[in-house]
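**Student:** I'd like to ask you about the structure that follows.
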Amino acid sequence: MWLLQPICQVAYFVADAVAAARRHSRTFGSGPFFVFEHVPYKLNIHRGVEREFDHTTVIGQWGGVMVEFMQQHNPHALHAICTQLGDVPRLLS
């Protein structure tokens, strides 16, 4: 079952993505981190409505887990986790 796969990514919405990454690195030894400002997306659906999604993201590694800090520059905040599915056709059958 796909829910039993290990988590490979954790994302947080924060007020200041760069400061959050620095704090995480100092506290847990994660990193290095890479900063991507005002990342563009072509299509965003939030609660069934197409919306703008303007955010800055800071991405790094914490052992085997990718850590992402997202700073949203408009409303409708989200958060996420990710797992690796492996053999998708087999999992869907």
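**Student:** What are the residues in the stretch 24-52 that are on the phi < 0 side of the Ramachandran plot and in contact (Cβ under 8 Å) with a residue 24 or more places away in the chain, if any?
**Tutor:** 24, 25, 28, 30, 32, 33, 34, 46, 51
**Student:** Name the strands (runs of 3 or more DSSP E) wholly inside the chain in which the number of residues that are modelled with pLDDT of 75 or more and within 11 Å of the chain's Cα centre (by Cα) is 3 or more.
**Tutor:** Per the criteria, 7-13, 55-62, 65-72.
The values are calculated or read from the model by the stated rules, or taken from the named source; none is laboratory data. Here the structure is a predicted model, which means the values were calculated and not measured. For neighbour counting, all protein chains shown are included, and Cβ atoms are generated from backbone atoms with ideal geometry for every residue, glycine included.
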